[in-house]
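What follows is one structure encoded as structure tokens, with my remarks underneath.
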Amino acid sequence: MPFPPGDMVAAFGRHLHFKSLEQALLDRHPEVADQVRFDDTSRLMHLKVTLSAGRSVALAQVRMGFSTVWCVMGRELDSEPSVWPLDTPDEVLVDALHAVASARITGRAVSSPWRWNESEPSDMTELADLLDSRGMRVRRVAAGNPYFASGPRHAAKLDVAGRDDGCFVEADFPDAFVRVSLKPALGWLVDVHVPEVEAWGRVDLAWNLWGRTLPAPGVPRADASVAEIVDVLGRGLKAWDLEVSVGSAGRDGPDWLDGLDVGLDELVEDSAPVDGRGSLGPRQLTDSVLDQLTSCGFGDLEEGDAETPIRSQAFHIEWHNRAKNLSTSEVQRLNGLAAAAGDQVPKRLILITTAGISRPAADFADMAKAFVFCVDPTTGRLMGLNSRAREVRLPDTDPAGQNPEPW
């Protein structure tokens with residue numbers, strides 16, 4: 001007897017998985033047992049909970065771009081989908097389906113955290129709940145589930161939050177679009193997109209909380225509660241005293257680097273000016289770097305002299321102008337120079353290089369709480385080479401390109 005073809009085996013495997021999901025739904029939520037249906041006869045295999053008047057909520061695997069995802073969705077054209085990775089546990093999938101179906105049955109909003117496409121309560125879901133209670137429209141929550149569907153229903157696109165984005169909430173305020181992030185290394189960050197200038201700016205969160213500016217971007221998670229963050233947000237754009245730099249990093253230039261082993265030749269090839277101009281002069285380069293670092297939240301940097309182009313009480317700024325990628329030993333040596341540069345306490349390292357960096361060197365820089373950036377000498381743009389430096393970046397998304405209204 002010939003072995004069945006691969007597509008038949010795959011289809012049978014999906015059938016068994018959906019039967020397992022059906023049983024899990026019945027076991028975990030027996031109150032909807034009479035409304036549960038598994039359909040493997042239609043073009044799209046799905047598990048659904050029937051409602052009334054021909055309505056239903058279904059769980060299915062769907063294609064979004066080049067990816068296949070789990071999707072919980074209603075048949076109504078204005079229903080917003082809940083999108084989950086393929087490796088999502090079965091109990092999470094059936095609980096998500098049940099949460100949406102229960103909301104439709106009772107006529108209430110989907111309960112938190114499921115309404116934010118999250119399976120567990122977190123700082124982000126608490127933040128979203130508080131903003132929603134104040135009348136703000138929360139567009140997206142990314143914590144345990146990085147997946148999000150955007151665009152029109154007939155041409156939905158999958159948006160996946162990056163590792164360096166951390167956890168975040170995005171919401172519409174009366175005069176701005178706001179992203180509140182919780183980064184692994186930096187803590188709380190608040191970034192604002194102002195439509196009048198079509199640019200992102202960073203709120204000095206420490207100043208708004210305590211009346212003092214911190215030398216590095218971010219406020220440690222343990223130092224500010226979710227309620228305190230919401231209170232700052234409630235004051236609005238004018239109270240934040242936001243300075244927006246239209247030419248700041250993350251906009252109008254090369255993307256911040258995703259990889260670590262990157263050399264100068266690749267950077268110049270990707271970002272050289274089309275008119276063939278050479279490198280910026282020393283003052284232009286320094287001004288560009290200082291403007292970007294300040295815009296990203298480094299609070300105690302100031303212009304220096306020819307010997308020390310940028311000064312700081314908390315950081316030692318090293319400029320590395322060689323083509324060879326930085327090794328671990330070189331970063332360790334420079335970090336030692338930074339520590340020794342402090343009068344009372346060791347300084348931390350900000351390294352500006354025209355080269356790349358090895359992965360072990362980047363790991364050491366993270367451990368030493370250093371920031372390593374590559375600067376493109378032709379444009380002055382900074383690009384993060386270790387995870388701390390990449391966390392610093394301003395968002396590079398255009399809120400207008402996201403789905404402006406619920407499905």
Residue 79 meets each of (1) of a type in the set (S, T, N, Q); (2) modelled with pLDDT of 95 or more; (3) not in a helix (DSSP H, G or I) with one exception, condition (2)
Apart from one, (1) open to solvent by 20 Å² or more (accessible area, probe 1.4 Å); (2) modelled with pLDDT of 95 or more all hold for residue 128; the odd one out is (1)
Could you list all residues from region 106-125 that are loosely packed, with under 13 Cβ neighbours inside 10 Å and in contact (Cβ under 8 Å) with a residue 60 or more places away in the chain?
-> none
When region 175-229 is checked residue by residue, the ones that are open to solvent by 10 Å² or more (accessible area, probe 1.4 Å), of a type in the set (D, E, K, R) and under 16 Å from residue 131 (Cβ atoms) are 175, 179, 228
Residue, nearest to residue 215 (Cα to Cα), within region 348-407, restricted to residues that are modelled with pLDDT of 95 or more, among the acidic types (Asp, Glu) and open to solvent by 30 Å² or more (accessible area, probe 1.4 Å) = 366
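How many residues, within region 18-48, are free of Cβ contacts under 8 Å to residues at least 60 places away in the same chain and not acidic (Asp, Glu)?
From region 18-48, those free of Cβ contacts under 8 Å to residues at least 60 places away in the same chain are 18-19, 22-23, 26-27, 30-31, 33-34, 36-48; that's our starting set.
Filter once more, so that each one left must be not acidic (Asp, Glu): 18-19, 23, 26, 30, 33, 36-38, 41-48.
Residues meeting the conditions: 17.
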Specify the residue that is nearest to residue 297 (Cα to Cα); the eligible residues are those in region 335-375 that are touching a helix residue (DSSP H, G or I) at 6+ places or on another chain (Cβ under 8 Å), hydrophobic (A, V, I, L, M, F, W, C) and in a loop (DSSP other than H, G, I, E, B).
-> 370
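Please state which one of 247, 259 is within 19 Å of residue 374 (Cβ to Cβ), at pLDDT below 90, assigned to a loop (DSSP other than H, G, I, E, B) and touching an Asp or Glu at 6+ places or on another chain (Cβ under 8 Å).
Numbers: 259 fails: touching an Asp or Glu at 6+ places or on another chain (Cβ under 8 Å).
Only one candidate qualifies: 247.
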Output the residues belonging to region 280-338 that are of a type in the set (A, V, I, L, M) and open to solvent by less than 40 Å² (accessible area, probe 1.4 Å).
-> 285, 289, 290, 293, 301, 310, 314, 317, 326, 331, 334, 338
Tally of residues being aliphatic (A, V, I, L, M) and either outside any helix (DSSP H, G or I) or out of contact with any strand residue (DSSP E or B) (no Cβ under 8 Å at 6 or more places or on another chain) (or both) across region 198-208 = 2
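For (1) over 28 Å from residue 177 (Cβ atoms); (2) at pLDDT 95 or above; (3) charged (D, E, K, R), each residue gets a yes or a no:
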{"residue": "95", "(1), (2), (3)": "yes, yes, yes"}
{"residue": "98", "(1), (2), (3)": "yes, yes, no"}
{"residue": "116", "(1), (2), (3)": "no, yes, no"}
{"residue": "141", "(1), (2), (3)": "no, yes, no"}
{"residue": "145", "(1), (2), (3)": "no, yes, no"}
Starting from region 182-210, keep only residues that are under 18 Å from residue 166 (Cβ atoms), then list their pairs with residues that are part of a helix (DSSP H, G or I) and of a type in the set (Ser, Thr, Tyr) whose Cβ atoms are within a distance under 9 Å, requiring at least 6 positions of separation or different chains.
-> 184/387; 185/387; 200/295; 202/295
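The values are calculated or read from the model by the stated rules, or taken from the named source; none is laboratory data. Computed from a prediction, not measured in an experiment: that's the story for all the values here. Don't worry about glycine lacking a Cβ; one is built from the backbone with ideal geometry, like all the others, and counts go over all protein chains shown. Each accessible area value is taken on the protein alone, full model and side chains, heavy atoms only, with ligands, DNA and RNA left out. Shrake-Rupley method; radii C 1.70, N 1.55, O 1.52, S 1.80 Å.
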